[in-house]
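Structure first, commentary second.
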Ligand code: UDP
């Protein structure tokens, strides 16, 4: 552990979505391991999901805690308890949640003013632009955290700061994203799902996010330099900001409990999954899990299930939620019985990094969320890419074109994630079968893909070890904050008059 030269108190504001909360909680623990005090501010439902991991961190003598901020849900017409994007059933609720997020400035300020140890730095999800004003009023630095890596954010920056998308008149034609180190082609809808609002609320939000980002002291990225060196450099240049790649943060989880209970309660018996995986040949099983937000329609889930069966490859498939119709198909129509020697279908939250790091896993069917992508890279596992929304299509291009460690399933058109909008059937069983078979093939191409993934996994682990690039970037980030805080120390007296 390194002691920061002055006592730093980081206050973290994570977005209320698993893909943002999980890495922020990891980041909090890494900062605390470096000797800083860390306060995470989130709502009661979200705080509850992380109670046990934070409890273990406190037992390990880390100076870390979660403070609960009530969300003014009633003010925007959201029912009690709708505190995470994964709990919102309709697109209208998503917009209401954006409105809630903009109402938090005043209660958050009250909370910060009541702290017995004043904050010395805010690390805020980009989606809370008002934390910029808050940081200014406290005269402390604000760092931005988004979630995705530099590649996707450079693409988004280009898309939002040029008129390239206005020049594209077709939704199906692929075009080359200008100004990137590699030739990357996407369609307009694939490129437009992040950074440009499709409603007044989101347009306003993204504009405010850009202004706040310009005022920030730097950007913290869950990535590592060796993964995307050209993109880290170009991204920092494009933003004209300090960019610290301090990940993959998931690698801070060392104990079995921390690895197995990440983000949510694992409802299934972890040991049953492990026992099943233990009985399989090394690198023979495909792990299927499509993130924390997206819901497949019953028909889409059935196509996926049939595709896995047709691939004739052992698989472990996690489904967060099943409909009555899907249950009927799984049980009464005999799917689960039929596949029982080959596959395991599990209902509930997956212990993802535990599964990915099991020696039986040889491939991952993923929705290309950035955390899942990085977790696969850490485990040295190649991917079948099935993006749905947000920046996932860009992450897919990164996996396929830049890293060359994946096989596309063939998703073309973005689909929304919320419950009432359950996806249409866009991916047929033949797509699944073909992609899985190609991924798991032991031919030269498959071997080369696997070798590249393994090499990246070694680099990922090294980057987080003492002396590694992410370890050093964390040191530099802490140093940068310390210097800025030292400069501002006098003004802290103004905020907390003695
Ligand atoms: N995750 C998990 N179990 C699940 C589903 C997701 O542990 O059943 C974790 C996964 O390991 C990752 C996060 O949830 O850390 C999902 O983030 P990602 O960026 O991959 O996608 P999102 O869910 O935000 O679309």
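Please state which one of 21, 31 is away from the ligand (no atom under 16 Å from the Cβ), on the phi < 0 side of the Ramachandran plot, surrounded by 20 or more Cβ atoms within 10 Å (Cβ to Cβ) and under 19 Å from the mean Cα position of the chain (by Cα). Break it down stepwise before answering.
Values: 21 fails: away from the ligand (no atom under 16 Å from the Cβ).
Answer to the selection: 31.
Anything in the stretch 422-436 that is surrounded by fewer than 16 Cβ atoms within 10 Å (Cβ to Cβ) and assigned to a helix (DSSP H, G or I)? List them, or say none.
If the condition is that a residue be surrounded by fewer than 16 Cβ atoms within 10 Å (Cβ to Cβ) and assigned to a helix (DSSP H, G or I), then 430 is the only one that fits.
Hey, among the residues in the stretch 280-299 that are modelled with pLDDT under 95 and more than 16 Å from the ligand (Cβ to nearest atom), which one's farthest from residue 22 (Cα to Cα)?
Ranking the qualifying residues of the stretch 280-299, first place goes to 299.
Pairs, please: C-beta under 6 Å, at least 6 apart or cross-chain, first residue on the phi > 0 side of the Ramachandran plot and in the stretch 337-362, second in a loop (DSSP other than H, G, I, E, B) and more than 8 Å from the ligand (Cβ to nearest atom)?
Once the first residue is on the phi > 0 side of the Ramachandran plot and sits in the stretch 337-362, its partners that are in a loop (DSSP other than H, G, I, E, B) and more than 8 Å from the ligand (Cβ to nearest atom) give 348/267; 348/268.
Could you go through the stretch 366-380 and let me know if any residue there is more than 11 Å from the ligand (Cβ to nearest atom) and under 17 Å from residue 409 (Cα atoms).
no
If you check 319, 286, which single one turns out to be free of Cβ contacts under 8 Å to residues at least 40 places away in the same chain, surrounded by 17 or more Cβ atoms within 10 Å (Cβ to Cβ), farther than 24 Å from residue 463 by Cβ and within 23 Å of the chain's Cα centre (by Cα)?
Numbers: 286 fails: free of Cβ contacts under 8 Å to residues at least 40 places away in the same chain.
None of the other options fit; the residue is 319.
I'd like the full set of residues that are touching a helix residue (DSSP H, G or I) at 6+ places or on another chain (Cβ under 8 Å) and in a helix (DSSP H, G or I), limited to the stretch 237-248. Even if it seems obvious, please write down each step before you answer.
Narrowing the stretch 237-248 to residues touching a helix residue (DSSP H, G or I) at 6+ places or on another chain (Cβ under 8 Å): 238-239, 241-248.
Hits for the stretch 237-248 are 238, 239.
Counting only residues that are farther than 24 Å from residue 390 by Cβ, part of a loop (DSSP other than H, G, I, E, B) and in contact with a helix residue (DSSP H, G or I) (Cβ under 7 Å, 6 or more places away or on another chain), how many does the stretch 285-321 have?
1
Within the stretch 323-354, how many residues are surrounded by 17 or more Cβ atoms within 10 Å (Cβ to Cβ) and within 16 Å of the ligand (Cβ to nearest atom)? Spell out how you get there, then give the answer.
Here is the first cut: in the stretch 323-354, the ones surrounded by 17 or more Cβ atoms within 10 Å (Cβ to Cβ) are 326, 329-330, 335, 339, 343-346, 349-354.
Still in the running and within 16 Å of the ligand (Cβ to nearest atom): 344-346, 349-354.
Residues that pass the stated criteria total 9.
For the structure I just gave you, tell me whether residue 404 is without any contact (Cβ under 8 Å) to a residue 60 or more places away in the chain, touching a helix residue (DSSP H, G or I) at 6+ places or on another chain (Cβ under 7 Å) and surrounded by fewer than 23 Cβ atoms within 10 Å (Cβ to Cβ).
On the way: without any contact (Cβ under 8 Å) to a residue 60 or more places away in the chain: yes; touching a helix residue (DSSP H, G or I) at 6+ places or on another chain (Cβ under 7 Å): yes; surrounded by fewer than 23 Cβ atoms within 10 Å (Cβ to Cβ): yes.
Against the criterion (without any contact (Cβ under 8 Å) to a residue 60 or more places away in the chain, touching a helix residue (DSSP H, G or I) at 6+ places or on another chain (Cβ under 7 Å) and surrounded by fewer than 23 Cβ atoms within 10 Å (Cβ to Cβ)), residue 404 qualifies.
The values are calculated or read from the model by the stated rules, or taken from the named source; none is laboratory data. Treat the numbers as computed from the prediction; the structure is a model and nothing was measured. Cβ sites come from the backbone with ideal geometry, for glycine too, and all protein chains shown count toward neighbours.
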